[in-house]
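Only the coordinates and a few stated rules stand behind these numbers; no lab work does. None of these values were measured; they are calculated from a predicted model. Note that each Cβ is placed from the backbone with ideal geometry, even for glycine, and that neighbours are counted across all protein chains shown.
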C-alpha cells in the first residue's frame, strides 16, 4: 500500500484545513519546500500536493513553487487543485510532476477527462472525488453537486480512469478516522480502478484497516503534522 504524506499549499505556506474550511487553517510549515525536504530526508518517495489557492482560483496558482519542490527534492509528486485545462496538465508533466489530479472538471466535463487520458495516459491522470454526505463537492469543496460519489467513480472508470483519490470532506482534518464504509463500497464498485484514501486518518491502526479493505494508497496529513503518526510508522506501510 502506497503512503503519501500531504502538503497543502495556501498563500505560499504549508497548511492543514479542518473539513476543507479555508477559514480554519493551521500553518504546519512556513515553507512547503522545507516540508518536502523533511519528507525526502526521511525516505518518503511519493507526496500528495494540493494547490489550495488554485482550487479557489481555478488556475495553477502555485505551479512554480510545486515545480521547484520537484526539482530540488526529486520526490515523486501527485498534484491537485485548480486543474482546468489541458495546458495546465501538460505544464505540470513537463515540470516532472508524476501524476495530475482532475477534480471539479470530472463532474463538469467528462470529455475533459477523456481528452486528458488520451493525451497523457491513465498512469498520469488521477480523478479526485471529494464528497460531503456521499455527494460530490466541487470548486474547492465550496459547492456540493447532486452526483453520488459511486456513480461518478463508475462513470470515470468507464472512461478509462484507473486511479482515484477519494476524500470524505466531513472527515478531512478531523482526526476522527476515515469513512471506512465509503472506501469499502468504492473498492467493491470499481472493477479496474484503484483507490487512494484521503481524510480522517488519525492512527496507524487506520492504515491497517484501509489495507484490509484493499485501497491502493493512503494520504496522510494532519495525523502526521499533529504527531499522531510518525514518519517511521508511515514507512512501515509504504511498499510504493
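In this label model, residue 13 and residue 194 are separated by 3.5 nm, measuring between points 7 Å along each Cα→Cβ vector.
Based on DSSP H segments of at least four residues, each scored -39500 (n - 2.57), the chain has a per-residue ellipticity at 222 nm of -10500 deg cm²/dmol.
Please give the residues of the range 8-24, grouped as numeric ranges, whose backbone N is less than 17 Å from a label point set 7 Å along the Cα-to-Cβ vector of residue 40. Flagged as within label range: 8, 14.
Extension gain, residue 68 to residue 31, is 12.1 nm, computed as 0.36 nm per intervening residue step minus the present C-alpha separation. Remark: C-alpha extents of the chain on the principal axes read 39, 36, 35 Å, sorted largest to smallest. Under 15 Å from the 7 Å Cα→Cβ point of residue 22, by amide nitrogen: which residues of the range 97-135? It comes to 104, nothing else.
Cα centroid separation, the range 135-202 to the range 14-79: 21 Å.
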